[in-house]
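As structure tokens, the structure follows; a few thoughts come after it.
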């Protein structure tokens, strides 16, 4: 059983091998492969829907934009196929996720996924679709065998800070409350990436793709004509501004839940970046899982093992 979280920034995979939990990540990057008549060969080409694509690491430079439902619906199967083949994993039960605001479209999403054909081979999996953020809650509540952990039947809130969206799930006694869940669209860390890309273009006349800018953000520096430009202070300023705006929005909508929360679960790729910016007023309730960017995928796998 494998959990795969196809986010707008990265594809995260969690699986078991020889009784040990394993993690794998690749960028949610895709672009058209070059013309074969040029004589230049490229590794990692996948044939999908009549076109040849580079996927993952090989597509970092010049990758397509990845911030729409149609993109995820069309290409999730390709990313799942590529991830499983890259890891040498056989056909199996796979847990995947969907942003909360698109979960109502799960039937068409699953239909597209199960009809995926790559390199002339059909993707033979038994997929189970979970809402994003709920995966983080399942990760918190279950052990690796899918059994409920003690002392997790609490009231709280999940913040799943992704690349494009922030999904929020409130829970009572460990159970998600559907009526109090919501998605903040365009509140993910892509806001930081887009602003950083604009600054780089303005300051250095250098236009980068979002995937390239994400790499600059994570490294804190830009390589330009052999020189290293330190962008750490610019990145800190952008990040602080973003997180203050995000928390203000969350507090205004879920204020009563925050005030009564015993725990606030902070997961998703954004949790890795933003954990250090948390205000002291929330320090007593913050809980960041191990490898928080993998928390959804790990939760999907645990959900499968629990028979959900």
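Just so it is clear, none of the values below were taken in a lab; they were calculated from the coordinates. Remember, it's a predicted structure, so these values are computed and weren't measured experimentally. Using ideal geometry, Cβ is built from the backbone for each residue, glycine included, and neighbour counts are taken over all protein chains shown.
Shape verdict for the range 170-227, please, from the Cα gyration tensor: rounded (a/c under 1.5), prolate (a/b greater than b/c) or oblate. Numbers along the way, then the final one.
On the way: a/c = 5.52, a/b = 3.11, b/c = 1.77.
Taking the square roots of the gyration eigenvalues as a ≥ b ≥ c, the range 170-227 is prolate.
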Exercise for the section: Would you mind listing how long the range 104-169 runs along its three principal axes, going by Cα atoms, in whole Å with the largest first? Expected result: 48, 30, 20
Practice task
For the range 196-258, count all C-alpha to C-alpha pairs, find those more than 17 Å apart, and express that count as a whole percent of the total.
Solution key: 48
Problem - Burial order of peptide ranges 85-91, 147-153 (average beta-carbon count within 10 Å, highest first) - result: 85-91, 147-153
Problem - Pairwise centroid distance, computed over Cα atoms, of the range 231-247 with the range 72-105, Å - result: 31
Exercise for the section: Grab the Cα-Cα distance for residue 194 and residue 16, subtract it from 0.36 nm times how many residues apart they are, and report the gain in nm with one decimal. Expected result: 60.5 nm
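Rounded, prolate or oblate: which one fits the range 15-169, using the alpha carbon gyration tensor with axes a ≥ b ≥ c (rounded when a/c is under 1.5, else prolate when a/b beats b/c, else oblate)?
Prolate is the answer for the range 15-169, as a/c is 1.5 or above and a/b outweighs b/c.
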Completion exercise
Expressed in angstrom and ordered largest first, the alpha-carbon extents of the range 79-121 along the principal axes are 32, 19, 15
Exercise for the section: Evaluate the Kirkwood expression for the hydrodynamic radius of the chain, namely the inverse of the mean inverse distance over all pairs of different C-alpha atoms, and round to one decimal in Å. Expected result: 20.2
Fill in the blank from the handout: Rounded to one decimal in nm, the spacing of the 7 Å Cα→Cβ label points at residue 155 and residue 285 is 0.9
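Projected area of the range 183-308, taken from the Cα convex hull and averaged over every viewing direction, in nm²?
9.9
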Practice task
Classify the range 254-308 as rounded, prolate or oblate from the Cα gyration tensor: take a ≥ b ≥ c as the square roots of its eigenvalues, call it rounded if a/c is under 1.5, otherwise prolate when a/b beats b/c and oblate if not.
Solution key: oblate
